[in-house]
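Inspection log for the structure reproduced underneath, given as structure tokens.
The values are calculated or read from the model by the stated rules, or taken from the named source; none is laboratory data. Note that the structure is a prediction, hence the values are computed from the model and not measured. Methodologically, a virtual Cβ is constructed for each residue, glycine included, from the backbone with ideal geometry; neighbour enumeration extends over all protein chains shown. SASA here: full protein model, heavy atoms, side chains in, ligands and nucleic acids out. Shrake-Rupley method; radii C 1.70, N 1.55, O 1.52, S 1.80 Å.
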Amino acid sequence: MKKSGVGLTGLTLLGHVELPAHRGEGGFDHAGIDRGRSRLYVAHTANDAVDVIDVKAGRYVGSIEGLKGVAGALVHEGEDLLFTSNRGENTVAIMSPASEDSPIKVVVGHRPNGLAYDSEHAVLLCANVGDPGGGHPPSVTLVDVRAGRPLGTYPMAGRTRWAIFDPEQRLFFVNIADPPRMAVIGPGTPGVAVRHIDVPARGPHGLELDPAGHRLLCACDGGDLVSLDSRSGEVLGTLKLTGTPDVVFLNQSLGRLYVAIGDPGVVDVIDIDGWKTVEVVPTERGAHTLVHDEDSNRVYAFLPQTHRAAVFQDGA
């Protein structure tokens, strides 16, 4: 990692990790961290690959190739699994970080994106964006991870965005852009949403779960952050953001939500208990994705114009 002397209140810029130059269009997308292996995995959509960073050494160590249009990356440390959603080939890839070059690919719905995993039932949910104009409605696909096969693909009411799994309630939550809502799906009723939660803002997009507060934290295209009770769906609060958000990550130990905003290129830092913005940190125009390392309290923001990761320390 190249060191920098730039400091910011709260989030301090430590430096940058150089990543491979883009070979096509698309930049970076979702990322995940395997803390046990000290590895960060980020979808490099432009390169049909997942780039791998050694977070202890602060350097790029290689790429997992052959993942066409990769959009999502999700790590489940307990089962030593790495999942990717590959929008350019309508598959999800299942692999162990120990054998990154041997993924199992499963065909899912059209243009897969959001990922969430139920480890008890070994079921992966993939939220598919679809292409209604081309005869492919938005959908979710449930995948039996142990068997490496789809359980079924089910239509959704509108374009899907990110998804999460609540292990306490054993429910999947899937953001739907329009109509603005979340679909709540139980593993026992895969073809039918248990219920829908209306979201009072345009374009639900990024999604996180605050397990301690039983809150869903939903970042919406209209520039709003919405807090909802994860059990009742009651709206607990709304907050204006700096711009249109994408990826969000919760720092549970500090009670802070990091919101990546590509235009103008900042991270909004939200105190979720005080329900206020405590910091707006510049990144780079187009930087719409980030990931948080719980062990080190570091935030990695992915910069598409300079194809590198900015590494911030949260020192609160």
| field | Per-region count, the stretch 98-122, residues open to solvent by less than 10 Å² (accessible area, probe 1.4 Å) and within 24 Å of residue 37 (Cα to Cα) | value | 5
| said: Going through 102, 85, 63 one at a time, which residue ends up being more than 30 Å from residue 15 (Cα to Cα) and either touching a residue at least 24 places away in the same chain (Cβ under 8 Å) or in a loop (DSSP other than H, G, I, E, B) (or both)? | reply: 102
| note | If we keep only residues of the stretch 175-206 that are part of a strand (DSSP E or B) and touching a residue at least 60 places away in the same chain (Cβ under 8 Å), then the residue nearest to residue 32 (Cα to Cα) is 175
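I'm checking my understanding of the structure. Among residues of the stretch 159-212 that are among the small types (Gly, Ala, Ser) and more than 26 Å from residue 270 (Cα to Cα), which one is surrounded by the most Cβ atoms within 10 Å (Cβ to Cβ)?
We begin by selecting, within the stretch 159-212, every residue among the small types (Gly, Ala, Ser); these are 163, 177, 183, 186, 188, 191, 193, 201, 203, 206, 212.
Narrowing further to those that are more than 26 Å from residue 270 (Cα to Cα): 186, 188, 191, 193.
Working: 186: 15, 188: 8, 191: 12, 193: 21.
Going through the qualifying residues, I end up with 193.
In a strand (DSSP E or B) and open to solvent by 10 Å² or more (accessible area, probe 1.4 Å): which single residue out of 238, 242 fits that description?
Selected residue: 238, the only one of 238, 242 that is in a strand (DSSP E or B) and open to solvent by 10 Å² or more (accessible area, probe 1.4 Å).
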| request: Take residue 226 and decide whether it is open to solvent by less than 10 Å² (accessible area, probe 1.4 Å), among the β-branched types (Val, Ile, Thr) and in contact (Cβ under 8 Å) with a residue 40 or more places away in the chain. | output: no
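Picking from 280, 291, which residue would you name as being of a type in the set (A, V, I, L, M, F, W, C), open to solvent by 30 Å² or more (accessible area, probe 1.4 Å) and either within 26 Å of residue 44 (Cα to Cα) or assigned to a loop (DSSP other than H, G, I, E, B) (or both)? If you could, list the steps in order and put the result at the bottom.
Working: 291 fails: open to solvent by 30 Å² or more (accessible area, probe 1.4 Å).
Within the list 280, 291, the selection yields 280.
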| field | Only listed residue being farther than 17 Å from residue 303 by Cα, open to solvent by less than 20 Å² (accessible area, probe 1.4 Å) and touching a Ser or Thr at 6+ places or on another chain (Cβ under 7 Å), chosen from 92, 52 | value | 92
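Run down 224, 210 and say which single residue is charged (D, E, K, R) and farther than 24 Å from residue 73 by Cα.
Among 224, 210, only 224 is charged (D, E, K, R) and farther than 24 Å from residue 73 by Cα.
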| task | Return the pairs, sorted by first residue and then second, in which the second residue is open to solvent by 20 Å² or more (accessible area, probe 1.4 Å) and not in a loop (DSSP other than H, G, I, E, B), the first residue lies in the stretch 14-34 and is on the phi > 0 side of the Ramachandran plot, the beta carbons are less than 8 Å apart, and the residues are 6+ apart or on different chains. | result | 15/2; 15/3; 26/45; 27/45
| query | Which residue pairs have Cβ atoms closer than 8 Å, lie 6 or more positions apart in sequence or on different chains, and pair a first residue in the stretch 271-285 that is under 16 Å from residue 225 (Cβ atoms) with a second residue that is surrounded by fewer than 14 Cβ atoms within 10 Å (Cβ to Cβ)? | reply | 275/237; 279/9
| field | Among the residues listed as 263, 221, 314, the single one being surrounded by fewer than 17 Cβ atoms within 10 Å (Cβ to Cβ) and either without any contact (Cβ under 8 Å) to a residue 12 or more places away in the chain or touching a Lys or Arg at 6+ places or on another chain (Cβ under 8 Å) (or both) | value | 263
